[in-house]
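The values are calculated or read from the model by the stated rules, or taken from the named source; none is laboratory data. This structure is a prediction, so every number in the text was calculated from the model and none was measured. Cβ placement follows ideal geometry from the backbone for every residue including glycine, while neighbour counts extend to all protein chains displayed. Just so you know, the surface numbers come from the protein's heavy atoms only, side chains and all, with ligands and any DNA or RNA stripped out. Shrake-Rupley method; radii C 1.70, N 1.55, O 1.52, S 1.80 Å.
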Amino acid sequence: MPDSIISENRKLPAGAYRPYTFDRVVRILIAIGGFVGALWLLNVLKGVLLPFLVAWLIAYILEPLVQYNKRLFRVKKRWLPIMATLFECTLVACAAAVFIVPSVIDEMHQVAGLISNYTTRDAQIAFIPESLHNYLKENIDFRKIAAGMTRQDWNTILQTIGNLVTGSYNLVMDIFSWFVVLLYVVFIMLDYERLLSGFRHMIPPKYRQRTFRITNDIKNSMNLYFRGQALVAAIVGILFCIGFLIVGLPLAIVLGLFIGLLNMVPYLQLISLIPTTLLCIVYSVNTDVDFWGIWWACMAVYVVVQCIQDLFLTPRIMGKAMGLNPALILLSLSVWGTLLGFIGLIIALPLTTLLLAYYNTYITSREDGETPAQKENDANTFRQMVESPDNLDE
């Protein structure tokens with residue numbers, strides 16, 4: 001047996017580290033090269049892989065509903081629960097289109113009129129200087145926003161028709177891409193369990209225990225983020241819609257659903273305070289509604305929904321484990337999205353979780369060999385460094 005394999009299988013004493021031999025350095029370089037090559041290949045094939053990854057994500061999110069329908073119908077085959085799941089999703093989408101879309105269009109036309117009037121009227125709001133209104137009118141093209149919300153100008157209509165005529169090939173290809181996504185979703189859902197089982201058998205028996213431990217961490221984090229956080233975000237968006245409708249804020253449904261989408265990254269919905277405030281300003285200038293009254297009412301909606309989310313929804317749906325830190329989620333989405341575009345946004349969380357699991361398995365797990373006295377000494381040193389770093393120099 002080669003010495004490198006013997007040295008790898010030999011159990012090192014507590015606190016000892018394996019030396020960086022030539023063989024180990026070469027393996028590390030090969031692993032880094034493979035990782036960089038995989039990123040390059042993803043970047044090259046992202047146009048082809050994007051429909052498949054979107055379909056896999058949809059199938060992953062719908063899998064609990066498939067399992068529920070499978071138990072409901074008491075069948076072993078998956079095709080009937082899958083058809084029921086797709087029918088239920090289509091029914092919900094059609095109901096949303098029938099009952100929500102018309103009201104959203106009416107709200108957008110209403111707000112477009114308010115925005116157009118805001119650009120021509122003198123704004124007078126207590127405790128808000130007129131210079132702020134002038135700054136908003138100079139730096140925000142309200143007329144363009146209003147025209148974009150109505151889409152009633154003939155130039156836009158003719159331009160849209162021209163794009164449809166000249167870009168018919170692109171239109172056909174877009175329809176074909178979405179059709180491919182639908183086929184991917186059906187095929188993945190049909191063979192979902194078999195694909196997972198095949199992935200397990202692809203791992204050599206020697207590395208299965210360690211690999212399954214890492215994939216289990218990824219699975220838990222994915223469940224928390226894509227399924228748990230998606231459900232929380234949907235409920236939060238509905239609560240914001242109801243709250244804004246109660247206080248009488250225009251564009252309540254659109255703004256509420258937008259805040260729910262932002263909630264996919266925890267606490268990112270606080271960014272929506274800016275458009276909410278601008279909407280309150282525009283609404284109060286064009287009506288007799290007091291700005292501070294409706295603004296504080298909207299802030300009360302934020303407070304109530306946030307309390308419901310933190311005290312009830314998150315503990316019940318997400319459990320005690322919160323998964324990745326919100327700042328780390330936002331950073332990973334930004335980094336992978338910049339590197340790989342939209343496909344990077346899809347694989348951002350799995351890759352980040354994989355890297356963290358690898359770090360915890362191969363680096364931080366070495367602390368398990370330390371004695372309690374060594375761990376206590378390290379903790380005291382770190383505490384002293386945080387509280388009084390100047391004392392460490394002495």
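Looking at region 197-267, what helices (runs of 4 or more DSSP H) fall wholly within it and have at least 1 residues that are open to solvent by 60 Å² or more (accessible area, probe 1.4 Å) and β-branched (V, I, T)?
Numbers: elements: 208-222, 230-247, 252-262.
So the answer is 230-247.
Starting from residues that are farther than 17 Å from L355 by Cβ and among the aromatic types (F, W, Y), keep the ones in region 33-53 and report whichever is most open to solvent (accessible area, probe 1.4 Å). Let's see the steps before the verdict.
In the first step, residues of region 33-53 are kept if they are farther than 17 Å from L355 by Cβ; the result is 40-41, 43-53.
Next, from what is left, pick out any that are among the aromatic types (F, W, Y): 40, 52.
Values: W40: 162, F52: 76 Å².
Of everything passing the filter in region 33-53, W40 is most open to solvent (accessible area, probe 1.4 Å).
Within the set of pairs 6 or more residues apart or between chains, which connect a residue that is assigned to a helix (DSSP H, G or I) inside region 93-112 to a residue that is among the hydroxyl-bearing types (S, T, Y) with Cβ atoms less than 9 Å apart?
M108/T150; H109/T150; V111/Y283; A112/T150
One residue is enough: does region 314-323 have a residue meeting the conditions surrounded by fewer than 11 Cβ atoms within 10 Å (Cβ to Cβ) and either more than 28 Å from the chain's Cα centre (by Cα) or modelled with pLDDT of 85 or more (or both)?
No, because not a single residue in region 314-323 is surrounded by fewer than 11 Cβ atoms within 10 Å (Cβ to Cβ) and either more than 28 Å from the chain's Cα centre (by Cα) or modelled with pLDDT of 85 or more (or both).
Within region 32-74, how many residues are free of Cβ contacts under 8 Å to residues at least 12 places away in the same chain and over 26 Å from G228 (Cβ atoms)?
Going through region 32-74 one residue at a time, the tally reaches 14.
Anything in region 213-248 that is modelled with pLDDT of 90 or more and in contact with a Ser or Thr (Cβ under 9 Å, 6 or more places away or on another chain)? List them, or say none.
Those that are modelled with pLDDT of 90 or more and in contact with a Ser or Thr (Cβ under 9 Å, 6 or more places away or on another chain): F240, F244.
Answer yes or no as to whether I281 is touching a strand residue (DSSP E or B) at 6+ places or on another chain (Cβ under 8 Å), part of a helix (DSSP H, G or I) and crowded, with 18+ Cβ neighbours inside 10 Å. Spell out how you get there, then give the answer.
Numbers: touching a strand residue (DSSP E or B) at 6+ places or on another chain (Cβ under 8 Å): yes; part of a helix (DSSP H, G or I): yes; crowded, with 18+ Cβ neighbours inside 10 Å: yes.
So I281 fits the description; yes.
Could you grab me the full set of residues in region 291-305 that are over 30 Å from A327 (Cβ atoms), open to solvent by 20 Å² or more (accessible area, probe 1.4 Å) and in contact (Cβ under 8 Å) with a residue 40 or more places away in the chain? Working first, answer last.
First, pick out the residues of region 291-305 that are over 30 Å from A327 (Cβ atoms): 291-294, 297.
Narrowing further to those that are open to solvent by 20 Å² or more (accessible area, probe 1.4 Å): 292-293, 297.
W292, A297, listed by residue number.
Quick check, is W56 open to solvent by 40 Å² or more (accessible area, probe 1.4 Å) and within 18 Å of L349 (Cβ to Cβ)?
Numbers: open to solvent by 40 Å² or more (accessible area, probe 1.4 Å): yes; within 18 Å of L349 (Cβ to Cβ): yes.
Spelling it out, W56 is indeed open to solvent by 40 Å² or more (accessible area, probe 1.4 Å) and within 18 Å of L349 (Cβ to Cβ).
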